[in-house]
Structures are given as structure tokens and as C-alpha cells.
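One structure is given here, and the rest of the page talks about it.
Values in this text are rule-based calculations from the coordinates and carry no lab data. Because the structure is a prediction, the values reported are computed rather than measured. Here the Cβ is made from the backbone with ideal geometry for all residues, glycine too, and neighbour counts use every protein chain on show.
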Protein chains: 2
Amino acid sequence: MHGEVVPGSALTLRGIGQEFGTSMTPAREAARRLVAEGALTMSVSGRISTPELANDRIEELASLRGLLETELAVRALPRAHLALIERLAAINSTVAEAIRRGDAVAYIRTNLEFHRTLYLRAQAPAMLALVETVWLQLGPTMRKLYGRMRQGRPPDSHRLILAALRNREEAALRVAVRTDVTKGLRLLMT
Amino acid sequence: MHGEVVPGSALTLRGIGQEFGTSMTPAREAARRLVAEGALTMSVSGRISTPELANDRIEELASLRGLLETELAVRALPRAHLALIERLAAINSTVAEAIRRGDAVAYIRTNLEFHRTLYLRAQAPAMLALVETVWLQLGPTMRKLYGRMRQGRPPDSHRLILAALRNREEAALRVAVRTDVTKGLRLLMT
DNA sequence: CATTCCAGATTGTGATCACAATGGAAGTGT
DNA sequence: ACACTTCCATTGTGATCACAATCTGGAATG
């Protein structure tokens, strides 16, 4: 899943099938679906590989995250009761834990879980599905992002998001989500 | 494609394959891809059918169109030279022609072609892909929209879009695109 | 030593088949 | 007459196979 595959490596259907103990038919369908979602690249000859994103593509995906995730957060805001905020705070502590441990995969996974639990309250499944598509496209390059993050210090954008949720401030929530989403990705476009 | 399948009808993989003269394997892959994109619904048992959208889903998809298409239009604005605007005007005349003829499928097709030609100039393929996904999800219900439109009179939102493009007014373009995209769909949510 | 070319191996695609699960219709009991 | 049950046809899934296209490695040639 997110951030587990090395970018640029080539995949074979028979290899994927053998890896999961199945035939090549399920591997083919999964691969084609991921290609349709943009998480994998298929050459004209049909070869499957993980794409390496150019800078303008990263900028585009960052803009998409900003657009969609602010909307999702705003829609989730009136439905975010205290239990949800506390659960988000708990997830955020595991994010900090993953950063302190230096576990890139766990960081990516828990960070996305933080966002997903918030957006699930928006009751907008189509929008959430689009965001997950964007996440999948960003997956292979999220590792690089983690490498360039300053280690041991979790970003405080999540705390800003939690504060805006507690105070029911829509404008502050918009700003917090947008900066949290775009700030990290801009680092990659050096 | 868009607006050609009746909503609520059930599809079978063998039927699709026989319809296109192939085996069921390509039909299966196409169906699963469309399911992944939200254009088709798959029950827990794997049965394929075209979804009928509830009102809140239509509202959600309309919001998505508003969000994404305004961004795409704004990104296309600085690159929209005169030749593109003239081509858009030509497409718009075929849209009006389709409305006057009462051809629902042609109207849907040319209307989307109008939007796509504009958004292609935005040089944002991921964003455009997401919008096309939204269009596919709205496909089965676009026929209903046409039925409730007042016949013979093309909406003037496209003319507003063209005017904003000519005058290079970003704010007016935003408003024109948003109203063009959401106005029609709100009709469906009676 | 570099470049070109050829052959073997590898890969994706489409077709077909066996199988389990599901849906619907017919039949039966009350 | 209606509801429930049962049984068969239909459907999706996964596996395997043949084939064409492609990639890769080394050999031959300049």
C-alpha cells in the first residue's frame, strides 16, 4: 500500500500473482485498476511500473489535495464532536511516535489515517474516493518527502487542525489543512 | 459512453463481451475499471449495474465539479489564446444545435467536449482525470437533467465563460464556470 | 573496443474452462 | 391466496493455455 513500493521499479503480473499466492488474473485486474487510478504507469506495450512524478505533477497533486481536503475538512467540521477530536489526537500521537522512531511507512500510514478519520465525518464518499486516488498517486514519492523532513520533530500543522476543530473556526481550519497538505509536498519540488 | 446506458439496468460480463464481440475477460476488466471509477456499481456478490444517484450524492458531485472545474478553468485562462476561444465558440454552437434538435446524447457529448477542450489547456492531467471520473459518475443521471431542461434554449452560461475568457477576468470566469456546472445539476435535486 | 543484430526468454492479452455462489422461478404447505 | 422452501440456471472469479509483442543477452562484425 502507501509508500511500500520503491519508485521506478518494474512489476510483472506473474510476479505479483506469485507474491500473493494467486494466479496472474487477480494481479492483472489489480494492476489495471491501479493504473486507472494513476498509482501505476503502464507503457504502450503494457509493462507495469511505478511512476516517478515530475515537479509540475507534484504541484498539481498538491493543489488537488489542498482543494479537496479543505472542502472535506469544512464539511466534517459541523459533525466533528468531541469523541472524534480525541480520536484524532490519539492518532496524531501515533504519528509523532512513528516520526520519532524513524519509521517512514508507519508515518505515511498513520498520517493518512489522521486525515481519513476526519474526512469520513464529511459524509462525502465520492470526494473521499478522489482524495484517496490522489494519495495513491503521491504514494511512491511520499518516502522521499519523509527523508527530507527534519527528523524527530512532528509538524505542528495537525495541532492547528485540532485546535480549529475544537474552536469550530472554519477559516482557521481551511488554512491549517491547506498548509499541512501543501507544505510538505513543496519540499519535494526543489 | 456518457448518457447512453439506462440507469438501474443490470449488466452481465458475458453480455458485454458478446456485445463487443470479445470474450468475457476484457469485459470484466472494463467493468471493474468502471466500478473503480464509480461509473458502475458492484454488489457484494459481484453483480454489475448502473447506479442511480441519491440527492446528496448529486450534490456532492456537483460540488466536486464546481471545485475542480473552476480551478481547471482558472489554470487554463492565461494559456487561452484566441484560436482556442474560437474553437470553444464553434463547439458551443454545436451544443446549441444539439439542444435545438432535441438530441440528448449529442448534447451531453458536445457539452462535455466544450469543457474538456478548455480544461486541456490547463496542462493538469491528473485534475482533468478526476473531473472525467466525476463526469462518468454523473453520466447515468445526465439524461434526466436534459429532460427537465427547457427545450430549444441553450443556457447562456457558456457565453459567459467565453466572455470571461476573452476579457481575461479570472473572477468572472470562476463565477461563470461554477454556475454553469452547478445550476443544471441542482435541478435534479427537487 | 564499440556497435549492430539476432535469437531465446519473458511478459501482457485474450480465450476457455471448472467451480462456487447467487438469484429467481417453480412447487408446496398452511 | 400467500409465504416459504427448494432446485436449477445464470453469473462472477480464478486458473491455465496459446500467442504475439517486447525486452535482453551475447555474438558477430566493423
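Key figures
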| read-out | value |
| --- | --- |
| Table column - 3J(HN,Hα) (Hz), region B:109-123, Karplus curve with 6.51, -1.76, 1.60, x for Gly and Pro | 5, 6, 5, 5, 5, 4, 5, 5, 4, 5, 6, 4, 6, 6, 6 |
| Translational diffusion of region A:1-113, µm² s⁻¹ [Kirkwood Rh, Cα pairs; Stokes-Einstein; 37 °C; 0.692 mPa s] | 193 |
| Lys/Arg +1, Asp/Glu -1 at C-beta; chain B dipole; positive extreme among B:Ser23, B:Pro125, B:Gly66 | B:Gly66 |
| ³J(HN,Hα) computed for each position of region B:35-43 - Karplus, 6.51 cos²θ - 1.76 cosθ + 1.60, integer Hz, glycine/proline x | 5, 4, 7, x, 7, 10, 10, 10, 6 |
| Listed peptides B:18-26, A:36-44 by packing density, highest first (mean Cβ within 10 Å) | A:36-44, B:18-26 |
| Kirkwood hydrodynamic radius of region B:55-188, from inverse mean 1/r over distinct Cα pairs, in Å | 14.8 |
| Note, ³J(HN,Hα) from phi for region B:156-161, Karplus 6.51, -1.76, 1.60, rounded to Hz, x at Gly and Pro | 8, 5, 5, 5, 5, 4 |
| Shape call, the protein assembly as shown: gyration tensor on alpha carbons, a/c limit 1.5 | oblate |
| Nearest 10 degrees, 0 to 90: helix B:82-101 Cα axis against chain B principal axis | 60 |
| Over region B:10-49, relative contact order from alpha-carbon pairs under 8 Å, at least 6 apart, % | 40 |
| 10 Å binning of all Cα-Cα separations within region A:10-49, expressed as whole percents from 0 upward | 35, 57, 8 |
| Sequence-distant lysines (8 or more away, or on other chains) whose Cα lies within less than 30 Å of A:Lys183 | A:Lys144 |
| Calculated label separations, B:Glu132, copies of the chain, 7 Å along the beta-carbon direction, nm | 2.2 |
| Using a 7 Å Cα-to-Cβ projection, A:Ala10 label spacings across copies, nm, ascending | 4.4 |
